[in-house]
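Undergrad: Take this structure, written in structure tokens, and hold onto it; I'll ask about it next.
The values are calculated or read from the model by the stated rules, or taken from the named source; none is laboratory data. Nothing here was measured: the structure is a model prediction, and the numbers come from that model. Neighbour counts run over all protein chains shown; Cβ positions are idealised from the backbone, glycine included.
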Amino acid sequence: MTRFSGSTTRCRLLTTTTLLVVLSMPGRVNAETPDELIAKLQNKYEQIESFSADFTQLFRSGDVQLQESGILIMKKPGKMYWEYRHPTPKVFVADGQKSYFYLPLDKQVIVSDLDLSNAQTPLLFLMGKGNIQEDFQVGLEPEEKPLQGENILIRLTPKQPQGIYSYLILEIDPSIYLVRRLIVIEPIGNRNEYIMMNFQENIRIPDGQFNFKVPPDVEVMYQ
């Protein structure tokens, strides 16, 4: 959710929510096939009811490169909380039915209906929806390198064309079947990268975490 202007910020938000979220194979003995790895990854996240993580988001468009960071909290079904802390504070909250994108410096809140039923993104399986192997062609990533040597990179190409992205890359820790990095490649060549750290699964998160109250004296926009 990189912030250039109002319209660009909203486009970046849409990329995050639709997604908004979830990765060359080094030499390994008895390595799993991409399909086997994804099946175990899917099974892992089906057992996770909630999680939190620190994240860093890197956006690149041509010569422009921007970096943001914050915390991410998710709880099934369909609840999300993204708090961007650096360099510009922003908050995105989804309560399962609606989403709220709060820009404190702009004194603006963007409210949208949240419909995850037809979206095709790996973030859906993090929230108990969707199936990667049904929605994507799964294969090894031929170009990108992993951030950590033992991690495995998988490229996911949507079986049905998606207007907002061409393909996705997951960096997976094969020892615990967790997504450490998600890369979104857009049709126009833009690149959005999410790196997740300090992952904590099945933690107690009150539903109130996802109840957004519109602050006073802000502009509310509906999409």
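Undergrad: Considering each of 163, 189, 149 in turn, give the residue that is of a type in the set (Gly, Ala, Ser) and touching a Gly at 6+ places or on another chain (Cβ under 9 Å).
TA: Exactly one of 163, 189, 149 is of a type in the set (Gly, Ala, Ser) and touching a Gly at 6+ places or on another chain (Cβ under 9 Å), namely 189.
Undergrad: When residues of the stretch 89-107 are filtered for being surrounded by 16 or more Cβ atoms within 10 Å (Cβ to Cβ) and not small (Gly, Ala, Ser), how many remain?
TA: Summing the residues that are surrounded by 16 or more Cβ atoms within 10 Å (Cβ to Cβ) and not small (Gly, Ala, Ser) in the stretch 89-107 gives 9.
Each row is one residue, and each column tells you yes or no for (1) out of contact with any Leu (no Cβ under 7 Å at 6 or more places or on another chain); (2) modelled with pLDDT under 95.
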site	(1), (2)
167	no, yes
179	no, yes
184	no, yes
188	yes, yes
191	yes, no
200	yes, no
209	yes, no
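Undergrad: Also, quick follow-up: Quick one: what pairs do we get from the stretch 208-223, first residue over 18 Å from residue 106 (Cβ atoms), second among the aromatic types (Phe, Trp, Tyr), C-beta under 9 Å, 6+ apart or different chains?
TA: Hits for this filter: 209/81; 210/81.
Undergrad: I'm trying to understand the selection: among the residues of the stretch 19-41, which are at pLDDT below 90 and more than 15 Å from the chain's Cα centre (by Cα)?
TA: Within the stretch 19-41, 24, 25, 26, 27, 28, 29, 30, 31, 32 qualify.
Undergrad: Within the stretch 43-62, track down each residue that is buried (at least 16 other Cβ atoms within 10 Å of the Cβ) and at positive phi.
TA: Once the filter is applied, which keeps residues that are buried (at least 16 other Cβ atoms within 10 Å of the Cβ) and at positive phi, the stretch 43-62 yields nothing.
Undergrad: Considering only residues that are more than 15 Å from residue 78 (Cα to Cα) and in a loop (DSSP other than H, G, I, E, B), which ones fall in the stretch 210-223?
TA: Once the filter is applied, which keeps residues that are more than 15 Å from residue 78 (Cα to Cα) and in a loop (DSSP other than H, G, I, E, B), the stretch 210-223 yields 213, 214, 215, 216, 217, 218, 223.
Undergrad: Run down 149, 163, 130 and say which single residue is modelled with pLDDT under 95 and on the phi > 0 side of the Ramachandran plot.
TA: Every option except 130 fails the conditions.
Undergrad: Take the residues in the stretch 83-122 that are part of a loop (DSSP other than H, G, I, E, B), of a type in the set (Ser, Thr, Tyr) and under 18 Å from the mean Cα position of the chain (by Cα); name whichever of them is modelled with the highest pLDDT.
TA: This residue is 117.
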